[in-house]
Each structure stands twice: as C-alpha cells, then as structure tokens.
Amino acid sequence: MFTLVLGLFLATWFVPTFGRRLPPDRWILWGGLALPLPVLIALTLYAFTQGEFLLKGATKDTEDALQVRAIGRMWQWHFSYPTLPGSVAEAGVLHIPAGRTIEIVAESEDVIHSFWVPRLGGKIDAVPGHANRLRIRADQPGRYGGICSEYCGTGHAGMRFEVRAHDNDGFLNAVSARTGQ
Amino acid sequence: MSEKITSDHNPIALHRALERIWGTRPGWGRLAAVNHNVIGVRFMLTALVFFAIGGILAMLIRTQLASAESVFMDAETYAQVFTMHGSIMMFLFAIPFFEGMAIYLLPKLLGTRDLAFPRLGAYGYWCYLFGGLILIGALIGGVAPDSGWFMYTPLSSSVYAPGINSDIWLLGITFVEISALSAAVEIIVTIMKIRAAGMSIDRIPIFAWYMLVVATMMLVGFPPLILGSILLEVERAFDLPFFDPTRGGDPLLWQHLFWLFGHPEVYIIFLPAAGAISTILPVLAGTPLAGYRMIVAAIVSMAFLSFGLWVHHMYTVGIPHVALSFFSAASALVAVPTAIQTFAWLATIAHGRPRFSIPMLHIFGFFFVFVIGGLTGVMLAMVPFDWQAHDTHFVVAHLHYVLVGGFVFPMLAMAYYWVPHLSGKQPVQHLSHAAFWMVFIGFNVTFFFMHLTGLLGMPRRIFEYPAGFGWETLNFISSMGSFLMAMGFALVALDFILLFKFGRPFRRNPWRAGTLEWAMPTPPPSYNFASIARIDNRADLLDPDRIGPRLAAGDGYLGIPRHDRMEVLGVDPISGEPDQVVELPRQTYLPLWTALATGAFFLLMLFKLYWLIPLALAVVIGCFWLWTVCDGSPIDREPVSIGHGLKVPVHIRAQIPPSHLAMVLTLVANATLYISLLFGCLFLWVSAPNWPPKHVSLDMPLLVLAAVASVLTCVGNRLASRRTNLATVGNALSLCAHLLSASLFLWVAFLTLPAPSGHAAIASLFVVMIYAALHGMIGAIFAAHAIWRALCGHDESVRSLDLRIGRLWHDYSAAAAICAVGFCWNLQILIAGSAP
C-alpha cells in the first residue's frame, strides 16, 4: 500500500504524462473508495474474529479456564488463585499450567496499571474499582517476562514480573510449595 | 450624513490614510496591537519557541534512552520531561501554530482586511502566552506535571500526586485553551461573514473550508477536555470525588472525556496542514485542485467520524469486544476520507506539471511519512493488534509518523511557500535542501526503528531498561537519528534567518498563484487590501496580478477611509453578497488587561488563595464589560455607501451581525460542555463502583421555582425588546428573575444537599446546580448591562443587537436550568430506585 501510493506520487511527479488520461474524479473514486474499502472491510472482519478467538483464550474449549487474580499496586503485581484451595499468593511471579487457558482478573489497589506478557499476547488494564478479564495461554512450559504497560508513577519501569509455565504437576507444586514446607 | 473624502484614487495617499487607521503604534503601543498580521505572527513565533523547548526535552529523552540502565536522569525528572514534551508539542506548539497561521492567512485568502474580532484574537494570544509561561515556569522550577500528557487519574489525583504538578497542567492548559476556543469562534465567524464580495460558499478558498471544519471541531472538541480539567481540579481542590472509585467516582470518566477531545485533536492538527497542502500543491503543479467538492465532503465526513472513535485509545480498559468492534470499524473507516484527499492530490499532480521546489520537497516528505503513519494507524485500529502494541514504543513511533508527517512537514512546506509573503523576500541559497534531507532522514531513522523496539515489547514511558532484551541497538540508532533530526531543524531555522536577512525582494506573486493573498504588496500592509474586491470565480482561480493594482488604487469596495473607522465588508454566508459594513474596534490595551486579570484568577487557583478569587473574577468581568462600552456610538446611522453605488447597513443594525453569530457559537461550545457534564454523571451511574449512594432527598419545589424564575428572564427580555417604554421594566424583570434563580440553586446546593465530598452522585448534583446558578449570575450581568444602556438613552427598538445577544443567553440559561432540574429529579429517582 505504501509503495503503491509513493510509487504513484513519484510517477505523477516525474513522468509528466502519467495519469493524465484518467480524469480527476476517476482518480478519487478508484483510489479513495475502491482501493481502501475492500481492504478495510476484510481487515476489520478478520480482526473481529481473531479478537473473539483471543478473548476465548485462543482455544475452542473454554470451560475449564483457570482463574487468576492479578492485583497491581505501586509497584508490584500480586497473583492469587481463588479457585485452588490451599494455594498461596505470590508477588512478582505468576505460575500457570502450560496448555491450559488462564483467565486473568486484573484489579488495582491504587492507580491504573496494565497487565502484559508480550509473548503470551494481549494486555488488560487494571483500573481501580473495576475487575477486567483477559485470557492467556502458554502452549509450552517455560519462563515468560511480563511488564506493567500503563505509566503508573516513578516505579513504573521496574514493575516487572515473571510468568512460569509448568506442566500440570509442577504447577500444583509451585502454587502450594510454601505450604508444603 | 457627510463623508470625508480623504483619497482621490491615489494609491500612496490611500495607503497612508489606511495605515494611520489600521497600523499598530510603535513602542508600548505594540501591546495594544489587535491587527491580525501582528497577532498571527506573534502566535507563530511563540509557538516556535515552545517547539524548540519541546525539542530540547525530546533530546533529553533520547539521551536517556540511548543506553540501557542510563543514569542521566532519575525517574522523577524523566516523568516531568516526557509529560512536558507531549503537553508542549500538543498544546503549546501544534494548535497555536496553526491558529497563528490561520489568523495571519485567512483574511488575506478571503480577500478582506482583518478577522471579525481583532480584540478577541489579541486576548487569545495573551492567554496563550501567559498559560504557556506558567507551564514553562513550572518546568524550570522542577515542579512540572509528571503524570503523562494524558494525565490519567488516579495517578494525577491528589492522593497519588499531592504536589502542585498536576494543578499546573490542569490550570495552565485550560488557560491556554481559552485561546483555542476564542480562535475557533473568530475563525468560524470570519469565514461565514467577513469575505470579499461575490465570494459565495462554493467559491471560498479550500483552505477556508478546512479551517471552517477545524474550528467547528475545536468548538465541540475542546469543551470535554475543559470539563474534565475542571472536574479533576475541583476534585483536587475541593475533594469532590468524580474520579475516586472508593466514593462512587470512576477513573474511566477521565479517559472518556480526555479522548473525546484527544482523538478529534489529531484531526484538528492534521486538517489545517492538509488545507495548506490543498492550497500549495495545485499552485506548484500549475493546475487547479482536483475534486474541490469531493474534498469538502471528505473533510466534513472526517470531522464527524473523528468524534466516533475516541475509544480506540481505550481498547485495553475492559470495554466489551462488540463495542470495541464498532469503534474499530469507525477507526478503519476514517482512512477513507484521507484516501480521497490523497488521491485528489495525486490527481492534481498527474494533471499538472509539477515544479521542483523546496515546498514540493516537503510535500514529498509528508506523503512518505504520513502514508506510513496512516498504515500503522490502520494496524492499530485492529483490536487484537492493539492489545499487543498498545502503550509500547510502536504507538510512540506511529503517533510521531502521523503528527510529524501530518503536521510538521506540511507546515515546513507552508513556511517555505508563504515566508516570501511575510518577509517580502525570496530565498537565495541552498541550505534548504540539506536541511530537508537531514530532518527527513533523521526522522525516519529515529522512528522507523522505534516500531521494531515496540514490537520487541518495550513499553512507553520507562526511564530505564535492562540490558539483554535486544532493545539497546535499536534505541541507540533512534537516538542518533533524533540528533540528526535536531540538527536538521536547527538548519531550517538558520535558513529562515538568512532569508529574512539576505533574501532578495520581489514584485508580486512569485509562485504565480491564483489566490487573493498575493494580490497585495509584500510584506503585507496592516490593512491588507486598500479596497475590497468583487470576485467572479472560485477563490483559487483568480488573477492576483490584475486584481492587486486595482485594489491598491481603491477601485474596489470601501476604498474611501471614513471617520477613522476600521471597516470591513460583511457578506451573506451563502451568496457572498455584501449585507453590512462591519466596524472593527481600534487598537486597545483592554485585551492585555483582561488576560492579566484572567491570569490572576488562574494563579490564585494554583496557589489556593480561594478567598481572593471573587475579586479576580470581578476584575475579569469588569474588563469584559469595558470592551462593550468602547463599542460604537449611541447614535443610529443610516445605511452607508460602500462604493459602486451600493448602500448597506452598519453591522449593529444588520440581520446577522458577527457578534450575534459569535454568541450562538459560544453557546454551542457551552452546551457541549454541559451535555458532557450530564452524560458524564450518568456514565458514573452506569459504570462506577460503589453506587448508589445512600438515600438523597432534594428540595424539588425550590428547584422547580428556580427553573420557573429562569424562564421569566426570557419573558422580561422579550418585553423589553418589543415595547420601548417597557425596556427598563422588562430588563429589571430579567435581572431579578436571574438573581432569584441563581440564589435558589445556590441555596439548594449549599444548604440542603449532603456534603458533596461524600459521594460522586452528590458531587454531580452539586456541580450541575452550580452550573445553573453561574448562568443565572452571568445572565444578571447581561440584564444589568441592558438597563444601563437604556438609562444612557440608547434607543433599543431599532438598534437591538445587545438585547438580542442577551436574549440568546437568557434562553440558553433557562434551558440549562430546566435541564438541571430535570437531571436532578431523574438522578434522585435512579438513586432511590436502586438503593439497597
């Protein structure tokens, strides 16, 4: 699209006869309506379906999504697992089982923060007074870096966290590790 | 009526006579300047100084980010620097710069002598300057705003930002916005009413169409921001919890209000630049602009669309996906009018024979950069992509591509095109090429690589980042590019200084343009045209070389200076036929004094000296009242001759005088603010946590009585204008009814409501009542003014302009009072209905 417009610009500038035969109205109709409309419609529809897919957690089966509360406060993230009895909350580290859809419920205790794990996709703002939901999913076990992506004061740059994706047993161990000690 | 003849069609004598009337006095007299040439240039120069300051801040940012774990600035300083960079560039550079450009150019393009309200322009300039100085003073003092240029609450509210920093942003920017609103009113009225004869609506220069759309957008775009600033300042100062979630407020209210302004703002900045291109490009291509009507349709639809897509700045705040899709589609759709304009320009070049010149080079820069910015914009309009890229450096790169591409390059093209007009000199050397390429290459190096930094996950607004994420090389390249760009801008500045100093003079119309601004001597005289033209073709297809000398000889309308008055022609907005002579006010210090008093009000707010504020307000009102006293003589005058055998009434006796139109526009802006307030309060009811509050009972009979009283004011006004002998009685009725209505609202708000700091619902009721009371008090001033005039012996039956303007205000405040009472009643029912 960029090369097309720039190419046309340079062609009309440097080649005196270029485009002379097309009357101005045609130029505007073809370039201003016929060109962008189909592209935009297709793109918007595709983005909508993709968005729905992501909202469901990038998977077809969304019934067994595991809920995690992510609470932002200046300048740390606290994660807890309300549906897992006996699990412990932890600051700065989010444990998740790989291959399962996770529903993050983002809340804030002070100013607006934003939960984001770049490699797991999507971000959601933690707005005080609201509980916002986002679904993420790690297909492979491993460590993923996460950051706060809404400016939240002088500690914003250091408000990082880590996502550790385990296999199922490793996950249960991790969230109950300290009670077992 | 005798008319002094001071000219017998001798251009030199005519020039001397007009210059004596229109010219700005030397020395201290400069402070009294109201001429649009002077004010426009002041706006642009001041904006350039702020651009330099903002640019230096940008250099500081790039220095900080050039390496990982930099120790150049700490987090607190960095927060002030990036907040001020954004705020300065948006509010103190971009908007005022194009305002200045419009103020300077519009009267010339429209073929007239000045804008409709010269004093308002001067007042706007002083407000802009003083507001800007408050912000820069804070920057030097180390207490600059530090919550980001969009000031999200609660980070900017008093709990998390207890210092003066946020107050400086809220008050300083609101002070500056006065100049934006006054410029908007002035521009619309001028384009509608003050033009050359015969310039019908389908003949006005394309730039005037753009500015008409832009000014309308400003008129309804700025009030939500001003409202947001007022509410947040009220929360910070008096603890009314509009944005505090623990007491029924909602931080999202701020975001909606901010972006309801913030997105149209992007188009407000882009459209004047596009207007400049649509004016320059056809001249450089040597062919008329293709698709004039299509372009007008495109920009009008763009203006409408731009108000429907503010939510795309808020994709990640937890709004349902289906709602997001609507805004996503609207965001994508806005690409269509842009595409129409782009292809109209391409068609123009295709059908012409483009000249190689510096402005053309900058237009190339615009095409290159802006198309990339537009495409990344469509990418960001897609919700899933935005979830990933939101608040990263990708967005930073995108917005710089849009704003620098869509504003800075066209402005440079415009500067190279019109500076010969302003200076009367043509460029002589070839620094311009080097300067362009340095800016262009520097810009692309800086921001192209920033897209990648963002895609690699680097968020915005972090003052340091650890090594090892792969961000260092890209950031270093960006920083180097930005230094190159800064040197390029320095070179541009040097280029212009050299032009002013060593450029060679020229005769008329160096670009062989077809627009009226070249039909005058350059640099332009204060009165622009010695007489006003009648045109018979579209305003960009004229022959300035033929028209210019004839106008200079006084061959057009109003070619004879009369009674030392500054006269311009008022025309019918549609047909362009002259329907009045508008007498403009002469040079005066009043705008300066009024702006100083306004500044005192803002400073008292800033330093929390609230007990002195009524005094400052009284001074402001007194100053504004003096503006009206200077207006014209109390004697009625018959229609006056404008030359060529035509006689038209003076504006005070005309059907639609400029000031009447200006009042309508002011009320439109005011109504936008009020509607935003009412919907904002309802939004809290829908969205905010901790609702509803405990039971609230209102004293409804008193409120209804207040509404009835406000209706009586309209009755009083009509009585006064119908029957001359009842003028004093009618106006006295208006005055008393206004005072009664205002005191009832104040009584209910202060004495019967629970403490407004307890819950946002009560705060909403409180603020709505204060709004109604304020309108009553201002209405009382209007009524008192009318009584004063009647007592001074003005015959209001024929010359009823002041009464008619007052009537607009009375009607509006009555409607506002009724809405206020209805709103309070509804909210009370809603609270009672949903109370636990």
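The values are calculated or read from the model by the stated rules, or taken from the named source; none is laboratory data. Quantities reported herein were computed from a predicted structural model and do not represent experimental measurements. Every residue, glycine as well, gets a Cβ built from its backbone with ideal geometry; the counts of neighbours run over all protein chains shown.
Points worth noting:
- Any hit, region B:675-683, residues being in a helix (DSSP H, G or I) and within 14 Å of another protein chain (Cβ to nearest Cβ): yes
- Selection of helices (runs of 4 or more DSSP H) fully inside region B:236-345 by the criterion of at least 2 residues being within 24 Å of the chain's Cα centre (by Cα) returns B:251-285, B:292-306.
- Of the listed requirements (1) away from chain A (no Cβ under 14 Å); (2) within 26 Å of residue B:494 (Cβ to Cβ); (3) hydrophobic (A, V, I, L, M, F, W, C), residue B:31 misses just one: (2).
- Qualifying residue in region B:293-313 (condition: at the interface with another protein chain (Cβ under 9 Å from one of its Cβ atoms) and modelled with pLDDT under 90): no
- Filter result (surrounded by fewer than 19 Cβ atoms within 10 Å (Cβ to Cβ) and either under 24 Å from residue B:107 (Cβ atoms) or of a type in the set (Asp, Glu) (or both)) within region B:476-502: B:500
- Residue ID - surrounded by the most Cβ atoms within 10 Å (Cβ to Cβ), chosen from residues in region A:115-136 that are within 7 Å of another protein chain (Cβ to nearest Cβ) and touching a residue at least 60 places away in the same chain (Cβ under 8 Å): A:122
- Single match in B:121, B:111, B:100 (criterion: crowded, with 24+ Cβ neighbours inside 10 Å and over 23 Å from residue B:217 (Cα atoms)): B:111
- If the condition is being without any contact (Cβ under 8 Å) to a residue 40 or more places away in the chain, within 14 Å of chain A (Cβ to nearest Cβ) and in a helix (DSSP H, G or I), then region B:435-494 contributes only B:452.
- Residues satisfying the stated conditions in region A:137-169, i.e. surrounded by 15 or more Cβ atoms within 10 Å (Cβ to Cβ), away from every other protein chain (no Cβ under 11 Å) and not in a loop (DSSP other than H, G, I, E, B): A:137, A:161, A:163, A:164, A:165, A:166
- Taking the criterion of being in a loop (DSSP other than H, G, I, E, B), more than 7 Å from chain B (Cβ to nearest Cβ) and modelled with pLDDT of 80 or more, no residue of region A:1-49 qualifies.
- Any hit, region A:54-63, residues being more than 9 Å from every other protein chain (Cβ to nearest Cβ) and closer than 30 Å to residue A:157 by Cβ: yes
- Per this entry, residue B:806 is counted among residues that are within 27 Å of the chain's Cα centre (by Cα), of a type in the set (Gly, Ala, Ser) and either buried (at least 21 other Cβ atoms within 10 Å of the Cβ) or at pLDDT below 95 (or both).
- Any hit, region B:546-563, residues being of a type in the set (A, V, I, L, M, F, W, C), assigned to a strand (DSSP E or B) and surrounded by fewer than 24 Cβ atoms within 10 Å (Cβ to Cβ): no
- Taken over region B:346-379, the residue count meeting the criterion of being under 16 Å from residue B:284 (Cβ atoms) and under 27 Å from the mean Cα position of the chain (by Cα) is 6.
- Taking region B:346-356 as the range and being part of a helix (DSSP H, G or I) and more than 7 Å from chain A (Cβ to nearest Cβ) as the test, only B:348 passes.
- Qualifying residue in region B:404-419 (condition: farther than 18 Å from residue B:488 by Cα and more than 25 Å from the chain's Cα centre (by Cα)): no
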